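Only the coordinates and a few stated rules stand behind these numbers; no lab work does. Values in this document were obtained by computation on a predicted structure and should not be read as measured data. Here the Cβ positions follow ideal geometry from the backbone for every residue, glycine too, while neighbour counts run over all protein chains shown.
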Amino acid sequence: MSEPLDSTEVYRRFQLIANGPALFNAVVSGIELNIFDFLAERGGADAREIGAFTGMEPHKLRVLMLGLTTTGLVEKRGIDYVNHPVAAELLGKNGPESWRHILLSWKTLYYPAFARMTAALSAGTNDALDAIAGSEPTLYERLGHDAELARIFYSAMSAFSLQTMPGLLEHLDVRSTRHLLDVGGGDGTTSACLVQANPGLTVTLLDLPSIVALAQQRMPDVGDRVALLPADILHDPFPAGADHALFSHVLDTFSAEQSVMLLAKAYDVLPSGGRISIYGFAAADDETGGPLAARLSLYLNILATGRGMAWPAAEAVAWLKSVGCVDIRSAEVPYEHALVSGTKP
Ligand SMILES: C[S@@+](CC[C@H](N)C(=O)[O-])C[C@H]1O[C@@H](n2cnc3c(N)ncnc32)[C@H](O)[C@@H]1O
């Protein structure tokens, strides 16, 4: 006898997906109302105490706590609510690496755009971008018009970079690197972590002028070890002098043709023995998952740039080969990431 459908994993996942937008927003409300930190600080609290803290009307709080306990992120023990260890770790702390920044940015930028997915995919353009001020073709360029949106976006980007940094620091081989080019280095989170972890290393970060200005404000003090260079990486030449080029979470925002062109530009300015590393979300090579890669790929196509995806690692390997690299290595890293590196002979 076949298994009843409602006891299958796919059915359980279907229910989670179908009810997901409500539960996602309940978690965001928990963040915005500081419920996770309140529970973290106190080790737990009952509805009356949470009500006094949030100022919420008891019935509305009851409904919100139903949503939060349904996610499993908050547990009920007797009359007390406590954070599950996952909530305590990812949401209960308010540092720059917190998942709070990621969820708040998904609420503000991603999910309004996802409601327009069919139209954007059918049109073949990132149509959802028309909700963001400006006339430029990509989200990154339009963020230059809205300082608050840029802050929300880069707080999330930085949090994700910090969440995935241990994988990068463990697998990126910079033992023989003197000077690294951080291509599309964003707000400098990655550059700063790399120079802090590798005492002999200096970095030149390339990004759009408005993002370089943001990096100037947001980067921790790393002395003169990170140089910031405003550039349009598609059109401006790459500076000479580096012996390693890193593309961290960058090629996913470009088409395959543009990615190969960018890798060739990096290859051209590197000396013999120089390395190119590609780091980022990677869909499974057979393109059947996972969720982080699928979400990012959809977001890129309907909103951010209208192209690109969480490229499978096998594709990045082929690109490096096509520009002339040898000794190409690929490592799977947590958070559905891959690091693919090659050497210029
Ligand atoms: C997803 S972010 C990655 C940031 C950083 N490398 C990291 O790993 O956190 C992609 C970056 O590429 C930059 N970028 C996109 N198009 C660009 C262009 N044409 N010229 C320069 N930078 C660009 C964006 O401004 C953004 O900072």
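A few points about this structure:
- Under 5 Å from the amide H of residue 81 lie the amide H atoms of 45, 46, each residue being 5 or more positions distant or on a separate chain, with H modelled from the backbone and absent for Pro and chain starts.
- Computed [θ] at 222 nm, deg cm²/dmol, the chain (DSSP H ≥ 4; -39,500 (n - 2.57); rounded to nearest 500): -14000 deg cm²/dmol
- For residue 116, no residue 5 or more places off, or on another chain, has a built amide H under 5 Å of its own.
- In region 1-66, chymotrypsin sites (Phe, Trp or Tyr not before Pro) in a DSSP loop with at most 13 other beta-carbon atoms within 10 Å: none
- Anchor residue 265: lysines whose Cα lies under 21 Å away (excluding residues fewer than 8 positions away in-chain): 321, 344
- In order along region 327-340, the phi-based Karplus estimate (6.51 cos²θ - 1.76 cosθ + 1.60, θ = phi - 60°) of 3J(HN,Hα) comes to 6, 7, 10, 10, 10, 7, 10, x, 6, 6, 9, 9, 10, 10 Hz; Gly and Pro are listed as x.
- Stokes-Einstein diffusion coefficient of region 1-125, Kirkwood radius over Cα pairs, 37 °C, 0.692 mPa s, in µm²/s: 202
- Gaussian network model of the chain, springs between alpha carbon atoms under 10 Å - residue of 228, 16, 320 with greatest fluctuation: 16
- In sequence order, calculated HN-Hα J values of region 317-322 (Karplus, 6.51, -1.76, 1.60; Hz; x Gly/Pro): 4, 5, 4, 4, 4, 5
- All distinct Cα pairs of the chain go into the 1/r average, and the inverse of that average, the Kirkwood radius, is 21.8 Å.
- Per-residue 3J(HN,Hα) values for region 187-203, derived from phi via the Karplus relation 6.51 cos²θ - 1.76 cosθ + 1.60 with θ = phi - 60°, read 7, x, 4, 5, 4, 4, 5, 5, 6, 5, 8, 10, x, x, 8, 10, 9 Hz in sequence order (x marks Gly and Pro).
- Gaussian network model of the chain, springs between alpha carbon atoms under 10 Å - residue of 73, 91, 300 with greatest fluctuation: 73
- Among 304, 215, 240, residue whose mean-square fluctuation peaks in a GNM of the chain (springs only between Cα atoms under 10 Å): 240
- Of all DSSP beta bridges confined to region 99-343, the antiparallel ones make up roughly 40%.
- One way to sum up the overall shape of region 194-345 is the equivalent ellipsoid from its Cα gyration tensor, whose semi-axes run 24, 20, 16 Å, largest first.
- Cβ crowding within 10 Å, taken as a proxy for footprinting-reagent exposure, orders 328, 278, 17, 302 from fewest neighbours to most as 17, 328, 302, 278.
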